[in-house]
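To keep things clear, I will list the structure first and then write my remarks on it.
The values are calculated or read from the model by the stated rules, or taken from the named source; none is laboratory data. Just so you know, these numbers come straight off a predicted model, no measurement behind them. As a convention, Cβ positions derive from the backbone with ideal geometry for all residues, glycine included, and neighbour counts pool all protein chains shown.
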Amino acid sequence: MNISRILMKSTFVLTAAGLLASCGEPEAPAPETELTFEELLQTQLIQAQPGDVIEIPAGTHEITRSLSLNVPGITLQGAGMNESILSFKNQVQGAEGLLVTADDFIIQDLAIEDTVGDALKVNESTNVTIRRVRTEWTRGANTENGAYGIYPVQSRNILIEDSVAIGASDAGFYVGQSSQIIVRNSRAEYNVAGIEIENSTFADVYDNVATNNTGGILVFDLPNLEVQGGQATRVFSNEVYRNNTENFAPEGNIVGNVPPGTGLLVLANDNIEVFENQFWDNNNVNIMIYSFTLGGRTVSDPEYDPFPEQIYVHDNEFRGGGTAPRHRSLVPWHEASGLNTPNIVWDGLVKAGASGDNIICLGNETSTSFMNLMGGEDPAAVSYDKAPHLCTLPRLQKIEFDVPGDD
């Protein structure tokens with residue numbers, strides 16, 4: 001069944017002409033009923049069969065209610081991320097733009113704009129390919145914008161590539177509680193968090209641009225979630241610069257704590273490798289690594305490990321940044337010292353009884369500025385000594401899985 005041709009028009013005409021009355025006599029032709037593009041698209045998503053390709057034609061198509069798909073093996077395809085636009089500007093119903101709960105899903109070459117909630121959410125799916133997709137809130141950075149742009153959660157084998165996320169009030173690209181993840185060749189701009197990998201394992205984040213966000217890239221592990229133990233993420237060959245947008249997250253959101261001017265934050269994750277990135281002009285800090293307990297925050301989840309361990313940061317390039325610290329542990333230090341924030345900051349907190357060895361390794365980067373906050377309680381009791389951190393850790397493995405159309 002090829003339904004791609006059906007959606008090449010914005011309306012589809014159904015007619016009751018030719019139906020027979022129960023007595024066998026012809027019934028008078030019923031008036032034609034026109035389906036809107038929105039109705040037709042949702043119908044096709046419901047009636048689709050595995051292997052179908054649904055094409056979205058060029059143009060801006062008004063959608064007022066959430067769309068959903070739960071059929072595996074479907075490709076949703078447009079004419080380009082700036083050509084085929086699903087606009088939810090007048091959305092009156094639903095929590096997201098498109099919700100997918102289906103395996104072997106491909107979406108490419110289209111845009112989702114101005115949703116009330118999340119733009120594209122993919123939940124509990126395996127083999128997800130998101131290629132050349134743009135999510136955007138066109139009014140710019142605004143607390144009323146939806147939380148997430150491209151949002152796979154509790155999924156596996158996820159590829160996001162050549163895509164754009166703009167204006168999310170939480171994260172432009174967010175992959176949460178998932179495993180086997182690739183985010184590459186994409187651009188995140190004017191979000192609170194540009195790219196966020198949260199409570200996930202085995203991720204590669206590379207060749208992306210994160211700029212004009214509050215925080216460029218976040219690698220978090222948080223308590224009280226179904227999936228915990230985030231680890232094994234590589235962040236490399238990205239450009240992370242001028243992420244100085246004021247934080248516009250709704251009150252109470254965890255990302256509301258991200259200070260403007262943050263390049264990369266690593267929170268309570270283990271086995272992270274950060275290398276060959278370019279960081280510049282992130283006014284708070286270029287890279288910060290810290291525990292969930294920094295600042296006295298308590299943990300009620302007995303299964304949660306709040307301390308980052310085995311973080312390997314090496315061979316990155318830094319230019320500028322740190323000129324206007326905003327993190328609550330950096331502000332008093334800055335006021336007391338008058339210095340710019342070093343390029344790499346660690347809070348210095350470790351598990352009870354741990355030695356602190358090999359928690360943060362900088363390779364042989366003797367020229368890279370570094371600061372250990374020593375717990376962050378006393379701005380005068382910090383350390384700039386890199387010697388304990390001039391160590392190496394095992395390199396993490398490349399993430400690989402079969403991707404449709406990826407030669």
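Here's the yes/no breakdown for (1) in contact with a Leu (Cβ under 7 Å, 6 or more places away or on another chain); (2) more than 21 Å from residue 254 (Cα to Cα); (3) of a type in the set (D, E, K, R); (4) in contact (Cβ under 8 Å) with a residue 24 or more places away in the chain:
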residue: 136; (1), (2), (3), (4): no, yes, yes, yes
residue: 144; (1), (2), (3), (4): no, no, yes, yes
residue: 162; (1), (2), (3), (4): no, yes, yes, yes
residue: 165; (1), (2), (3), (4): no, no, no, yes
residue: 170; (1), (2), (3), (4): no, no, yes, yes
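Just to verify a result, which residue in the stretch 72-85, among those that are free of Cβ contacts under 8 Å to residues at least 40 places away in the same chain, of a type in the set (A, V, I, L, M, F, W, C) and buried (at least 19 other Cβ atoms within 10 Å of the Cβ), is farthest from residue 180 (Cα to Cα)? Before you say what the answer is, go through the steps one by one.
We begin by selecting, within the stretch 72-85, every residue free of Cβ contacts under 8 Å to residues at least 40 places away in the same chain; these are 72-76, 78-79, 83-85.
Imposing the further condition that a residue be of a type in the set (A, V, I, L, M, F, W, C) reduces the set to 74, 76, 79, 85.
Retained after the next criterion (residues that are buried (at least 19 other Cβ atoms within 10 Å of the Cβ)): 74, 76, 85.
Details: 74: 21, 76: 22, 85: 29 Å.
Across the stretch 72-85, the extreme among qualifying residues is 85.
Looking only at residues of the stretch 229-240 that are outside any strand (DSSP E or B) and either among the aliphatic types (A, V, I, L, M) or buried (at least 18 other Cβ atoms within 10 Å of the Cβ) (or both), we find that the one that is modelled with the lowest pLDDT is 230. Restricting the first member to the stretch 291-303 and to residues that are in a loop (DSSP other than H, G, I, E, B), and the second to residues that are modelled with pLDDT of 90 or more and hydroxyl-bearing (Ser, Thr, Tyr), the beta-carbon pairs closer than 8 Å and six or more apart or on different chains are 292/304; 299/293. Summed over the stretch 114-128, residues that are at positive phi and either surrounded by fewer than 20 Cβ atoms within 10 Å (Cβ to Cβ) or part of a strand (DSSP E or B) (or both) total 2.
In the set (1) modelled with pLDDT of 95 or more; (2) farther than 23 Å from residue 167 by Cα; (3) in a loop (DSSP other than H, G, I, E, B), residue 272 fails one condition alone, (3). Restricting to the stretch 326-346, name every residue that is in contact with a Pro (Cβ under 8 Å, 6 or more places away or on another chain) and within 13 Å of residue 263 (Cα to Cα). Within the stretch 326-346, 326, 327, 341 meet the criteria. The single condition among (1) basic (Lys, Arg); (2) within 16 Å of the chain's Cα centre (by Cα); (3) within 18 Å of residue 63 (Cβ to Cβ) that residue 131 does not satisfy is (3).
In the stretch 93-113 there is at least one residue that is surrounded by fewer than 24 Cβ atoms within 10 Å (Cβ to Cβ), closer than 26 Å to residue 192 by Cα, touching a Phe, Trp or Tyr at 6+ places or on another chain (Cβ under 7 Å) and not aromatic (Phe, Trp, Tyr).
Each row is one residue, and each column tells you yes or no for (1) in contact (Cβ under 8 Å) with a residue 40 or more places away in the chain; (2) crowded, with 21+ Cβ neighbours inside 10 Å.
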{"site": "314", "(1), (2)": "yes, no"}
{"site": "331", "(1), (2)": "no, no"}
{"site": "338", "(1), (2)": "no, no"}
{"site": "346", "(1), (2)": "yes, yes"}
{"site": "381", "(1), (2)": "no, no"}
{"site": "391", "(1), (2)": "no, no"}
{"site": "395", "(1), (2)": "yes, no"}
